[in-house]
1. With θ set to phi - 60° and the Karplus curve 6.51 cos²θ - 1.76 cosθ + 1.60, what are the ³J(HN,Hα) couplings of the stretch 42-49 in order, to the nearest whole Hz, using x for Gly and Pro?
2. Using the beta-carbon distance between Asp152 and Arg70 and R0 = 30 Å, what value does 1/(1 + (r/R0)^6) give for FRET efficiency, to the nearest 0.05?
3. Antiparallel versus total DSSP beta bridges in the chain: what percent is that, nearest 5?
4. Is there a quick way to get the dipole size of the stretch 17-171? I mean about its Cα centre, with the Cβ of Lys and Arg at +1 and of Asp and Glu at -1; what is the value in debye to the nearest 20?
5. Per DSSP H run of at least 4 residues, take -39500 (n - 2.57); add these up for the chain, divide by its residues and hand me the 222 nm value, nearest 500 deg cm²/dmol.
6. Quick one: which residues, 5+ away or cross-chain, put their amide H under 5 Å from the amide H of Ser102? H built at 1.01 Å from N.
7. Classify the stretch 27-71: rounded, prolate or oblate, from the alpha-carbon gyration tensor (a ≥ b ≥ c, eigenvalue square roots; a/c under 1.5 rounded; otherwise prolate if a/b is larger than b/c)?
8. Gain in length, Val137 to Arg78, computed as 0.36 nm per residue apart minus the alpha-carbon separation, to one decimal in nm?
Amino acid sequence: MSDAPEASAARRTTLPALPLTGGCQCGAVRYEIRAAPQVFYLCHCTECQRQTSSAYGESLRVDPASLVIRGEMATTRRMADSGAVRLGDFCPDCGVRIQHRSEGNPGRVNIKAGTLDDTSWLVPAGHIWTASRQPFVAIGPDELDYPGAPADNFAALIARWQEMLQPADGA
């Protein structure tokens, strides 16, 4: 992991007014996030690359109690290399993944941030699983960079996010 420098003015983001809204491509699944997200980061693991058909996955961790989902979702289930059972919830009509979570950890849900209606405000707190990142993805020297899973259980990423996040009124 790189050292955790202070969040610079260029690395700040303004949280839009709540609730944050989003959904799948066809509109059959919609959601609201009614509290500030806990952290936003990019995951460069090969599973996220395959699932998104892209260079990384965008994870917006939220408190499950703040999340309201409308519409029916289907769930994939697989065993991760860590031994955790990973669940992926998606729209059965258009196939868009809405969230992922771990079985046995109901207090942690990651919304796939690309499904937000407004993504313009998102700035990642850092990057995980960068040992498998695509070579064309540049990570700045001031960004948190973990070659695998964060050993501190995301504490530094969450702290960085809190430094970066400004309320909508700019206070």
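No value in this document is a laboratory result; all are computed from the given coordinates. Since this is a predicted model, take the numbers as computed values, not measurements. Virtual Cβ from ideal backbone geometry, glycine too; neighbours counted across all protein chains shown.
1. My calculation for the stretch 42-49 gives 10, 10, 9, 5, 5, 5, 5, 4 Hz in order.
2. Calculated transfer efficiency: 0.30.
3. In the chain, DSSP labels about 85 percent of beta bridges as antiparallel.
4. Approximately 460 debye in magnitude.
5. So the helix-based figure for the chain works out to -2500 deg cm²/dmol.
6. Leu87
7. Since a/c reaches 1.5 but b/c is at least a/b, the shape of the stretch 27-71 is classed as oblate.
8. 18.5 nm
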